[in-house]
Amino acid sequence: MGSALMASVKAWAHNQGATELRLEVMEFNQGAIEFYYAQGMETQSRIMSMSLDDLYD
């Protein structure tokens, strides 16, 4: 089902004149990362963060 959905998204985006697809996937979601790599996607950047909730406790 995921592959069929990606095929539909790619076709729709192409028909709209898009030249690139982008998405955000959480680092812990390895299954999704592997799926997207298998679909031909590549990592272009990495978003890094840090919680400041406990910084001054």
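Tabulated results
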item	result
Boolean, Ile33 is open to solvent by 100 Å² or more (accessible area, probe 1.4 Å), within 16 Å of the chain's Cα centre (by Cα) and not small (Gly, Ala, Ser)	no
Residue count, the stretch 1-38 (criterion: part of a loop (DSSP other than H, G, I, E, B) and of a type in the set (Gly, Ala, Ser))	2
Any hit, the stretch 10-21, residues being in contact (Cβ under 8 Å) with a residue 24 or more places away in the chain and among the small types (Gly, Ala, Ser)	no
Failed item in (1) open to solvent by 100 Å² or more (accessible area, probe 1.4 Å); (2) of a type in the set (A, V, I, L, M, F, W, C); (3) in contact with a helix residue (DSSP H, G or I) (Cβ under 9 Å, 6 or more places away or on another chain), with Ile47 passing the rest	(3)
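The values are calculated or read from the model by the stated rules, or taken from the named source; none is laboratory data. The shown structure was predicted, so the numbers you read here are calculated from the model rather than taken from an experiment. Backbone-built Cβ (ideal geometry, glycine too); neighbour counts: all protein chains shown. Only protein heavy atoms, including side chains, enter the accessible area calculation; ligands, DNA and RNA are left aside. Shrake-Rupley method; radii C 1.70, N 1.55, O 1.52, S 1.80 Å.
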